[in-house]
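See below for the structure under consideration.
The values are calculated or read from the model by the stated rules, or taken from the named source; none is laboratory data. Fair warning: this is a prediction, and the values are worked out from it, not measured in the lab. Cβ placement follows ideal geometry from the backbone for every residue including glycine, while neighbour counts extend to all protein chains displayed. These accessible areas exclude ligands, DNA and RNA; they are computed on the full protein's heavy atoms, side chains included. Shrake-Rupley method; radii C 1.70, N 1.55, O 1.52, S 1.80 Å.
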Amino acid sequence: MFPAQTTPSMGPVRLAIVLLLLVLHAIAIDAKSQPSKQLRVCIVEGSGNYKKGAQNCPTLERNSNIRCVYGLDRLDCLRKIHKGAADFAAFYPEDFLAARWAGVDMLVTSELRFHAEHFEYQIVVVVDNEAEINTARELRGSKFCHPGHGLKNHWTAVLADVSIHREELILQWLSNKTFLTKYFETRLTPRDCEEDLSPVESRLKSVSAFFGPSCRAGPWVPDPTEDRRLKKKYPSLCQLCYNSYQCAIGDKHWGRRGPLYCLTSGAGEVAWARLDDVRSHFGFSGLVAEANPTEYSFLCPDGHLQPLSTRKPCVWVAKPWPAVAAKSKVAMEVQDLVSNLTHDDVNSWQNALLMILETYHVNITTLDTVIPVDDYLDQAVGFQDAYNNPGCSPSRSIVFCTKSLLELYKCSWLQEVASVYGVEPGFQCIRTDSLDQCMAKVRSKDADLVIVDQDNAMRAQRDYGLRSILHEYSPNALHKYLIVAVVARDAGLRSGYDLRNRRACFPQYEGAAHTAVMTALQNHSIGNVRNFFSESSCNWKSTSRCSAVYDGDDGAMRCLQDGVADVAFMSYETFKSMTNSSHAKQQNWTIFCPFNKPVKHNALCYLGWTSLGRIMISNGTIGRRQNEIYNAMKDIDKLFGRKNGLKAEAFNLYGMFDGRSDVVFKDSTESLRNRQEMMRDKSDGFFEPEGVGQLHGTGTQLKCSLPLLLIAGAVMAFVQTLQRVRMNNG
């Protein structure tokens, strides 16, 4: 028999039982904090090196009942919640304004704060006591210190330390700071909406007439020429700036603290500033006071004054915090879930979800109850009122013509988000069924603008009387319409002269490739340009039409591959995508230099380049209206385009929309540029296909018959290219 000594052996058993109970208890606690059913969080992946989704979603999905759904931007996350494809996400208050417009069924559950105040920031009016301004009415004729326009990298220290979302947050604050400043001005000085003035100039005129000498430094509009004209016309709005002539970014009285320096230096009498900056400037936050606070007061919206030392200052506008919002039916569950998130265990799913929701380290503040978006925004005094500013009557909106239901859908979101971010004039979107219908709408003044591709630009100008004001731009050669000649490797061609009477394929008659080739032939005096290529060529003449399968850039390549032609002219992007194919036959083609070789070894040989899309307006558009359209489009490009290759996170102007590519704008677009800005690109040979000339005859006697590019800028650009290359005659 075994000895009856069992007591010592029970120690390890008891220890194992205790450990098992602890593990089960921990699992129970973790399970309690997890959602009872699967929830889907919508995440916008950043454009920088840090990818919070890729970094945290695997941990989240492996260890919890939560799945990541990727949105293209925050408004895409709104649409996903609206459609039932996601359950919750983190949003900014401006996003909630768009949600209200779209009727998205969701509730706000928790705020994402980075300090203890109830609002992200509050805006106040400070007056000099010696000015004897006791009511808002007495502001007329006062010396006004304004924060200015075009602020960059002037955010709080908290945000300055954030690298991933810094630019997005700065731009968001800037646009809303400007918009909330407009609210103050509009409340005091409603504009008259004069027919002969743009909405921006109408506001400037009204403010200039109401206030006395002021400082409103920085760019008033994106176009420098128009900006200078306005500053010359309304000089009083720059009079208090440290450098009144420049009235520019960097002025001593420009920026967040600029209005307070303007006020306390003795120049101004009233300043519009953030409350936290006022407290800092006057020594209420532990810093040395820049001025004596007893000499200044808060001016309240209801018309009375408060000393700067008051504990509850009167506020004109408050900015709500970013917040988590969820579909109504799961809002309570999401609120409970988010309230338990911490960074205590960096390997936990709780940490992973918190890293996904926050843009920087924040304090999750649970609301007393889940509330509708409107109720959440109403808690911030003046915030919704700032966005209810009535426009002019009749409407001065820019009518944007779209060519499909999907384009209209995206344009409608652009219309709303542009309004939220204070773009003036606003946009109005209409839909037709084709590009030609849109071009006709612009011609008849039923629309203001349409986006036209490179192959229809010439028709737009000649048949519909349109002209370009901005181009879609990308610095990448693959995302320009860069025209190359493609032939078989064994074609035995030595120069462009060997192409005479050969069969050629073009994407479209009078398209960009067609007109670039016409210009090249004319510049090299080859004789009868009209009859240079064979009569059996595709899209060379208006009568030389081939099967529809050979239309477009892919069609031109197919035309060459099928043996219909000896040379095809197309975009470099099409050629590269074809040669990158694994099919052996795709390797039998090469780029041919018809008349020149590149100066640099292995450099790309091309005939010229243009943009893939351009914003076109009617030739009959008056100068004032053109400036309005130009400046509004530049504004949305600045707000929602790409910055240094990084996409905007509120609304992505360039990129996929609802899972579809090239909706309204090309996905590859980096920014919108005017012609002068396009000419500064490092690639020579930029041209505008809508420049139309005509040519016919024999020998070198060139007269007008076929359309081609003859505009001075294009010819000059092409000649500059030829001067830099060597002729190859064999």
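Okay, residues lined up against (1) assigned by the TED database to the domain that holds G212; (2) touching a His at 6+ places or on another chain (Cβ under 6 Å); (3) within 16 Å of I123 (Cα to Cα):
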| position | (1), (2), (3) |
| --- | --- |
| L275 | yes, no, yes |
| E295 | yes, no, no |
| F298 | yes, no, yes |
| P307 | yes, no, yes |
| V330 | no, no, no |
| E333 | no, no, no |
| L337 | no, no, no |
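Per-residue answers, yes or no, for (1) crowded, with 19+ Cβ neighbours inside 10 Å; (2) farther than 18 Å from F144 by Cα:
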{"site": "C262", "(1), (2)": "yes, no"}
{"site": "F282", "(1), (2)": "yes, yes"}
{"site": "P320", "(1), (2)": "yes, yes"}
{"site": "A323", "(1), (2)": "yes, yes"}
{"site": "K327", "(1), (2)": "yes, yes"}
{"site": "N340", "(1), (2)": "no, yes"}
Residue pairs meeting the criteria (Cβ under 6 Å; at least 6 apart or on separate chains; first under 21 Å from A318 (Cβ atoms), in region 100-118; second open to solvent by less than 50 Å² (accessible area, probe 1.4 Å) and among the hydroxyl-bearing types (S, T, Y)) = L107/S328; V108/Y376; E111/T365; R113/T365
When you go through E424, E416 one by one, which is the residue that is part of a loop (DSSP other than H, G, I, E, B) and under 16 Å from D635 (Cβ atoms)?
-> E424
Could you check how many residues of region 615-663 are more than 15 Å from the chain's Cα centre (by Cα) and either in a loop (DSSP other than H, G, I, E, B) or assigned by the TED database to the domain that holds P224 (or both)?
-> 7
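With respect to K445, determine if the residue is touching a residue at least 40 places away in the same chain (Cβ under 8 Å), open to solvent by 40 Å² or more (accessible area, probe 1.4 Å) and at positive phi.
yes
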Every residue from region 72-104 that is farther than 19 Å from V334 by Cα and either of a type in the set (G, A, S) or open to solvent by 40 Å² or more (accessible area, probe 1.4 Å) (or both) | L72, A98, R100, W101, A102, G103
Wholly inside region 302-406, helices (runs of 4 or more DSSP H) that include 1 or more residues that are under 25 Å from E45 (Cβ atoms) are 331-339, 349-357, 373-378
Among the residues of region 463-486, which ones are surrounded by fewer than 21 Cβ atoms within 10 Å (Cβ to Cβ) and modelled with pLDDT of 95 or more?
-> D463, G465, R467, I469
Report the residue count in region 517-564 for those that are over 28 Å from L478 (Cα atoms) and in contact with a Ser or Thr (Cβ under 8 Å, 6 or more places away or on another chain).
-> 7
Qualifying position, being within 30 Å of R431 (Cα to Cα) and buried (at least 19 other Cβ atoms within 10 Å of the Cβ), among F400, F298 = F400
Among the helices (runs of 4 or more DSSP H) lying completely within region 182-287, list those that include at least 1 residues that are more than 20 Å from W316 (Cα to Cα) and over 27 Å from the mean Cα position of the chain (by Cα).
-> 199-210, 224-233, 258-264
If you check V450 against the conditions, is it open to solvent by less than 10 Å² (accessible area, probe 1.4 Å) and out of contact with any strand residue (DSSP E or B) (no Cβ under 9 Å at 6 or more places or on another chain)?
-> no
Any idea how many residues of region 404-441 are open to solvent by less than 40 Å² (accessible area, probe 1.4 Å) and within 23 Å of L197 (Cβ to Cβ)?
-> 8
Only one of (1) touching a residue at least 40 places away in the same chain (Cβ under 8 Å); (2) at negative phi does not apply to D658, and that is (2)
